[in-house]
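Written out below as structure tokens is the structure these notes cover.
Only the coordinates and a few stated rules stand behind these numbers; no lab work does. Since we're looking at a predicted model, the values are computed, not measured. Here the Cβ positions follow ideal geometry from the backbone for every residue, glycine too, while neighbour counts run over all protein chains shown.
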Amino acid sequence: MPYDKELDKCVFAKSWENDQERLTASIFSYNKGTKKLQLTRENKNSQGQLRFAKLGRLTKDEIEALLPLINEAASHMD
């Protein structure tokens, strides 16, 4: 069965942003299945537009920004 975007529902999404990037914690449920956490990073280019980037390694500041978002997201997984 191929992926169908219409079946992928975002239950929760919250972001943290600074002058260089945005980190987002989201909860998705595909076809009313198990809710799963998705973490994304977007970096700003020279024109200030956000572009998707691999999450990869995190700095301590990024971890401290994401932890409250992850905890809040977890409360939406019940």
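When the inverse distances between all different Cα atoms of the chain are averaged and flipped, the Kirkwood radius reads 13.6 angstrom.
Backbone geometry of the stretch 41-50 corresponds, through the Karplus equation with coefficients 6.51, -1.76 and 1.60 at θ = phi - 60°, to 3J(HN,Hα) couplings of 10, 10, 9, 8, 8, 5, 8, x, 7, 7 Hz, x marking Gly and Pro. The chymotrypsin sites (Phe, Trp or Tyr not before Pro) of the stretch 1-76 meeting both criteria, a DSSP state outside H, G, I, E and B (loop) and at most 10 other C-beta atoms within 10 angstrom of the site's C-beta, are Tyr3.
Fewest-first ordering of Leu55, Leu23 by other beta carbons within 10 Å of each residue's beta carbon gives Leu55, Leu23. Ranking Ser15, Ala74, Gln49 by Cα position along the charge dipole of the stretch 5-74, where only Lys, Arg, Asp and Glu carry charges on their C-beta atoms, puts Ala74 farthest toward the positive end.
Compared with the dominant principal axis of the Cα atoms in the chain, helix 60-74 is inclined by about 20°. Overall, the chain carries a charge dipole of about 240 debye about its Cα centre when +1 sits on the Cβ of Lys and Arg and -1 on the Cβ of Asp and Glu, all other atoms neutral. The trypsin sites (Lys or Arg not before Pro) found in the stretch 1-47 that occupy coil by DSSP, while having at most 16 further C-beta atoms within 10 Å, are Lys32.
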